[in-house]
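Novice: Provided herewith is a single structure, encoded as structure tokens, for subsequent inquiry.
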Amino acid sequence: MEGFTYHNIFDTKGVEYLAIIAFFAILIPFWIILNRQVRATKQLQRKLGILTASMLKIPQGIFFSTNHMWTHLDSKGIAKVGADDLLLHLTGEVKFSKLRKPGEIVQKEDMLAVVSHNGKQLRIVTPISGEIIAVNALLQQNPEMLNDDPYQKGWMYKIKPSRWIAETSKCYIAEEATGWSVKELERFKDFLATSVQRYAPEPTNVILQDGGELIDQPLSALPEDVWKDFEHSFLGTKPKYPHFRGLEKSGYGPEYYQ
């Protein structure tokens with residue numbers, strides 16, 4: 001037929017194209033099945049109330065301090081501050097008291113608020129120094145926002161930082177924050193092995209019998225003494241009196257603390 005040219009695709013790159021198509025035909029269903037399994041596993045863990053590292057929300061663009069508070073600087077130079085998702089998974093829903101007021105000046109590791117759950121309390125401290133510009137009043141009315149959306153609607157304070165670069169240089173961000181959070185969850189398990197044994201000799205409410213996994217909100221089931229241990233070990237709170245600072249590691253009791 002005049003003007004018509006026939007090309008055998010097997011004589012050109014057609015074989016390569018067919019191989020690529022076949023590869024994706026196999027890969028895409030496998031990827032869909034794998035992701036369904038991952039989502040199903042996470043959903044099952046949530047329904048069972050199991051606390052795992054995969055459940056933690058760790059935004060990659062904010063700074064995490066070692067006292068389990070986060071901070072993020074906006075384009076106007078104002079930093080939001082709040083409690084991280086791991087802390088909230090450990091405590092469960094909390095109420096607030098002793099909140100700071102706008103206009104107050106705080107130094108890094110000064111107390112920002114007291115969070116409580118069924119009468120048990122933790123003092124949380126600021127990861128940065130500066131002037132408090134605003135307090136999230138909605139958290140008083142809807143404290144569950146802190147657990148539901150800790151990094152957006154659940155922010156606690158807006159602070160105008162005075163030493164932002166110096167103080168955030170020791171914080172974790174991006175992949176480092178993810179790795180640190182995983183290690184902190186493991187450290188918490190080790191902490192329970194000693195603190196629970198000391199104050200709650202029957203740890204069945206904290207560790208699942210099948211597999212030894214932590215339940216979500218494990219601190220909510222534990223006595224006040226464990227909360228005090230946790231505060232001193234994980235939240236970086238300071239002693240009540242400066243000349244007693246550091247004695248929490250030498251066996252002094254809670255009477256030396258606020």
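Novice: Out of the residues in segment 130-150 that are out of contact with any strand residue (DSSP E or B) (no Cβ under 9 Å at 6 or more places or on another chain) and more than 14 Å from LEU87 (Cβ to Cβ), which is surrounded by the most Cβ atoms within 10 Å (Cβ to Cβ)? Quick ask: steps written out before the conclusion?
Specialist: Going residue by residue through segment 130-150, those that are out of contact with any strand residue (DSSP E or B) (no Cβ under 9 Å at 6 or more places or on another chain) are 137-138, 141-142, 144-145, 147-149.
Checking the rest, the ones that are also more than 14 Å from LEU87 (Cβ to Cβ) come to 137-138, 141-142, 144-145, 148-149.
Details: ALA137: 9, LEU138: 13, GLN141: 7, ASN142: 13, GLU144: 11, MET145: 16, ASP148: 12, ASP149: 14.
Going through the qualifying residues, I end up with MET145.
Novice: Inside segment 101-114, can you point out the residues that are loosely packed, with under 15 Cβ neighbours inside 10 Å and in contact with an Asp or Glu (Cβ under 6 Å, 6 or more places away or on another chain)?
Specialist: Listed by number, the list holds a single entry, ILE105.
The rows are residues; the columns are (1) part of a helix (DSSP H, G or I); (2) at pLDDT 95 or above; (3) on the phi > 0 side of the Ramachandran plot; (4) crowded, with 23+ Cβ neighbours inside 10 Å.
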{"residue": "THR66", "(1), (2), (3), (4)": "no, yes, no, no"}
{"residue": "TRP70", "(1), (2), (3), (4)": "no, yes, no, yes"}
{"residue": "LYS80", "(1), (2), (3), (4)": "no, yes, no, no"}
{"residue": "LEU87", "(1), (2), (3), (4)": "yes, yes, no, yes"}
{"residue": "GLU93", "(1), (2), (3), (4)": "no, no, no, no"}
{"residue": "LEU99", "(1), (2), (3), (4)": "no, no, no, no"}
{"residue": "SER116", "(1), (2), (3), (4)": "no, no, no, no"}
{"residue": "ILE128", "(1), (2), (3), (4)": "no, yes, no, yes"}
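Novice: Now for a different question. Please state which one of VAL115, VAL106 is in contact with a Lys or Arg (Cβ under 8 Å, 6 or more places away or on another chain), of a type in the set (A, V, I, L, M, F, W, C) and closer than 30 Å to ILE50 by Cβ. So that I can check it myself, show each step before the final result.
Specialist: Details: VAL106 fails: closer than 30 Å to ILE50 by Cβ.
When all the criteria are applied, what remains is VAL115.
The values are calculated or read from the model by the stated rules, or taken from the named source; none is laboratory data. Since we're looking at a predicted model, the values are computed, not measured. A quick note on method: Cβ atoms are made from the backbone with ideal geometry, for glycine too, and the neighbour counts reach across all protein chains shown.
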